[in-house]
Structures are given as C-alpha cells and as structure tokens.
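Just so it is clear, none of the values below were taken in a lab; they were calculated from the coordinates. Keep in mind that this is a model prediction, so the values were computed, not measured. FYI the Cβ positions are ideal-geometry reconstructions off the backbone, even for glycines, and counts take in every protein chain you see.
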Amino acid sequence: MAQIGNYLYLPKLQTHKIPYGEHAKNTIFERQLSTLPEEVIFCKKCVVSNQRPRIVLDNEGVCGACRWAEEKQQIVDWDLKQKNFNALLDKHRSKDGRFDVIVPCSGGKDSGTIAHKLKYEYGMNPLSVTWSPLLYTEIGFQNIQNMINSGISSHLFTPNRMVQRKIAKLGLVLIGNHFEAFGRGQVSYAFHVALDLGVKLVMFGENGELEYGGSLKNKDLPGQPIGDWVDLYHKGARTDEMVKFGVENGYLHKEEQHDPCLKYFAPPEAEKLTKAGIEFHWFGYYHKWIPQENFYYVSEHYGFRTNPEGHSEGTYNKYASLDDFTDPIHYYFSLIKFGLGRATSDAAHEIRENHLTREEGVALVHQYDHIFPDKYFTEFLNYMDMTEEEFWDVVNAYREKRPNLWKKENGKWILKQRVA
Ligand SMILES: [Zn+2]
C-alpha cells in the first residue's frame, strides 16, 4: 500500500552535480567515529556492542544500559521520585489557564503517553510541540491526530522544506545521518516555543544515553544540561558549521543561509534559557521507562495504532518510530557506521525489560538487522534529490571508514562480526 500522497511534489534541490561520495569520504563533521574502539565487543546481557558512541561496558562486560535496567528494578526509590515529580509539577502548574508544560511530540507512543498523562493524571496544561517529520506516514499522521483528538493542544511547525531537505542531505553526507534534519529541530524547537510563550517546563521522554547505552555522566540528573547538547544531539557538529559547508559546496544557495527557519535547527542561546528559568526534565527520570507499556497506554487511551504494514523494515517491531517514511534509512546508517541496526536497538531494550531472552534477541538481530529498507527507497531518493548511485557512494564511504566492521568479498560488503 503506497501511503505517500499521490500528489506529492518535491522540486529538485540542485541542477548541478555535487561529489557526495567525496564529501562523505573527507568529512570532518562525523566526530564520533574516531572515538570508537577498534575491537568489537558485545555486551554480555543484551545485543549492543562497544561501537555505540559513548557506551560504557563494565569489567564484567555488561553495558551501562543493562546495569541501569537492573537498578531500575532493584535500587531506585520510585516513590521518592514520584514525590519529586509531583513537586516539580506543582511548582510549574499554571493557575491562570496558561500552558504550563511543553511536550515535544513526534506523534509516537512515548511523547503521546507523557502529554496525555500530564493532562489527565496530573492536571497540567500541556502543549504538544511537533517539529514536522520529513515525510509523513499516514499512520504517523493519524496517531498524532488521535492524540490531539483526545484533548491535547498541539503546535506544529514545518520548516521550509527546501531548506530542511538540504539539511537532511548535508546530514546524510557529512554525518551519515539524514535524520539530523528532524532530530535537531525536534529537540531545539520546543525550547524556542517555551521562550516565546513563557512556559518554563519542557518535558522529554527518556535519557536516551542512560536507557539505550551511552554516556552515564548525567545519570543522576533530571534533565540534559544544555552545554551537552552539541555533543549528544548534534554529534559534535553545529548546524551553522554544516550550513557554511553547504553554501561553500553548492548544497544551499547563498540566500538560504539566512532563512528564518534555520535558527530552529539549533537551540536558543543557553543564557537566554537560563535567564528565562526554562527547565529541561525527562519524564523517564521520575518514572520507570518501559516503551512497551507506553504503547499499551496510548492504545487504550486514544486509539494509537501500530504499523498497518506489519513490522517496520529492518526490525520485528510494529509500534516504534512510525511517523516518517525516511526513518528506516536512519537506522540503516547506524548499521553501516556502528554495525548496530534497528533490530539491535529494539531487541536490546526488550531484553533489558525481560520481554525477550538474549538468545531470542540474537536470533531477531540475525533475521532483521541487516535488511536494507527498500520499500520507500524511491521516495527517499526523490526526497534527497540523489541518484541511487550517489546514495551508495555515500554508504560505501562510511563503510570504508569502518574497516574493523566491514569487509568486501566478491564485490559484496559483509559485516565481519555479528552478535552471537
Ligand atoms: Zn547491555
């Protein structure tokens, strides 16, 4: 079932040729890869490896996310955290009918759960803020409509698509992640709205670094310090640096570097946020974060639906990351750069939550992780305004950067080492 609108029209982005493969090969913007260890070691409890940026494996070979999953069950005083959560909301709860908390909502099960609970369990006045997906899926669009239908006000921002597509292209070539054009806005835009509307609380879902394997440095903090954003969310590459490269190398027109939407791809200045007293908190800091339970919650409370096409490409999972047609390519690049695809990421957290055994997880990774998401590949290429050959030049440039992960045999690229 083709779900992209029949009338979809995407103008060409450039008429001249750009050497994407060369740019990908010589990029200085993907600063994570050089920090990764040579030898690939998998976590003994889940299926991620030490190739995940910033992940920490302890001396028993277990990753930080698995250790945190144990702590969540055994050590953390959730009653105390609930009290602190109530106090936080009391501090921000508006008495004059204004919005009092912003929830950045992609339309997925997690942000939907948070917005709905804040309103109906905690009596807050949440405003859901959505940074538009790059290419809506019908199911993603319906899910967010149903969240709004349940009584949540929503603010949607769609940046200039020509500029957004060019940022996506720069992300793909320079960082191996076209989804930068979504992720950056998704985090940053909510804070611009908070500043504009005078809302002092912005609530995200979970500390991804802690839940899925990454830096443990902010483990005991309720939210992300703004100073860490560039490293954690922008892979060490600031949007303005990428735009400058884009203008100098023919991705963006000169005038486009002054497009008003560009400022939303980066957070407001830290001093402004501090001065305005805006706080960043993770819902998952205060509550045991279990994605599957969020799925049950939104299914029950506002009819959230799973992927009508069955499991998503590259994984067995049916209910996560459904909002964007281009999303599967983002996971595919994680396979290319880190040897960790979408099934790995799904299986890892389900093992930690005891929904899968490690053995089952390994089997699912072998079955799904390496599958190239070709269902909407033509649309993806149209979106990027790239030929298939140019796309594979970029992919292969990233494979070549990781000789410890990939080798070429009889003209085919294969992962040297898989989880076992
Ligand atoms: Zn682990």
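Based on the mean of other beta carbon atoms within 10 Å per residue, what is the order of 82-88, 172-178, most packed first?
Values: 82-88: 13.6, 172-178: 26.3.
Put in order of decreasing packing, that is 172-178, 82-88.
Dividing the Cα convex hull volume of segment 318-419 by residue count, how many Å³ per residue is that?
Details: hull volume 11.1 nm³, N = 102.
Per-residue hull volume (Cα only) is 109 Å³.
Sort the following peptides by mean Cβ neighbour count (other Cβ atoms within 10 Å, averaged over residues), highest first: 393-399, 357-363. Walk me through the intermediate numbers first.
On the way: 393-399: 20.7, 357-363: 15.7.
Top of the packing list down: 393-399, 357-363.
Work out the FRET efficiency for GLN145 and LEU10 from their Cβ-Cβ distance, taking R0 = 35 Å, and round it to the nearest 0.05. Write down the numbers at each step before the final one.
Details: r = 23 Å, r/R0 = 0.67.
In this case the efficiency is close to 0.90.
Can you tell me the length gained on complete extension of the stretch HIS301 to GLU400, counting 0.36 nm per residue apart and subtracting the Cα distance?
Working: separation 99, 0.36 × 99 = 35.64 nm, distance 4.71 nm.
Length difference between fully extended and current span is 30.9 nm.
Taking 0.36 nm per residue of separation and subtracting the Cα-Cα distance, what length does fully extending ILE371 through TRP78 add?
Numbers: separation 293, 0.36 × 293 = 105.48 nm, distance 3.93 nm.
Fully extending the segment from ILE371 to TRP78 adds 101.5 nm.
Take the alpha-carbon centre of segment 2-67, take the same for segment 365-395, and report the distance between them in whole Å.
14 Å
Quick one: work out the % antiparallel among DSSP beta bridges in segment 20-415, nearest 5.
Working: 7 of 21 bridges.
The antiparallel fraction comes to roughly 35 percent.
Want the number for LYS272 to VAL62: 0.36 nm per residue separation, take away the alpha-carbon distance, what's left? Could the numbers behind the result be given before it?
Working: separation 210, 0.36 × 210 = 75.60 nm, distance 3.99 nm.
So the chain would gain 71.6 nm between LYS272 and VAL62.
Ranked highest first by the average count of other Cβ atoms within 10 Å around their residues, in what order do 200-210, 35-45 fall? Don't jump to the answer; show the numbers that get you there.
Working: 200-210: 22.3, 35-45: 15.6.
Order by mean packing, descending: 200-210, 35-45.
Using helices alone, what [θ] at 222 nm do you get for the chain, with -39,500 (n - 2.57) per DSSP H run of 4 or more residues, divided over all residues and rounded to the nearest 500? Intermediate results must be reported in sequence, preceding the final value.
Numbers: 18 runs with 188 residues, N = 420.
Using -39500 (n - 2.57) per qualifying helix, the result is -13500 deg cm²/dmol.
Cα atoms only, the chain: Rg and Dmax in Å?
Looking at the chain, its Cα Rg and Dmax stand at 20.9, 69 Å.
Return a whole-number percent for the relative contact order of the chain, with Cα pairs under 8 Å and 6 or more residues apart as the contact set. The partial results should precede the final answer.
Numbers: 672 pairs, mean separation 98.1, N = 420.
It rounds to 23 percent for the chain.
I need the Debye-formula profile for segment 1-149: one equal scatterer per C-alpha, no solvent, reported as log10 I(q)/I(0) at q = 0.11 1/Å, two decimals.
Log10 of I(q)/I(0), two decimals: -0.86.
Using the structure shown, select from LYS44/LYS416; LYS44/LYS83; LYS45/LYS217; LYS166/LYS254; LYS244/LYS275 the pairs with a Cα to Cα distance greater than 23 angstrom.
Values: LYS44/LYS416 19 Å; LYS44/LYS83 35 Å; LYS45/LYS217 21 Å; LYS166/LYS254 13 Å; LYS244/LYS275 29 Å.
Listed pairs above 23 Å: LYS44/LYS83; LYS244/LYS275.
Using Cα centres only, tell me the gap between segment 104-133 and segment 234-280 in whole Å.
Centre-to-centre distance over Cα atoms comes out at 25 Å.
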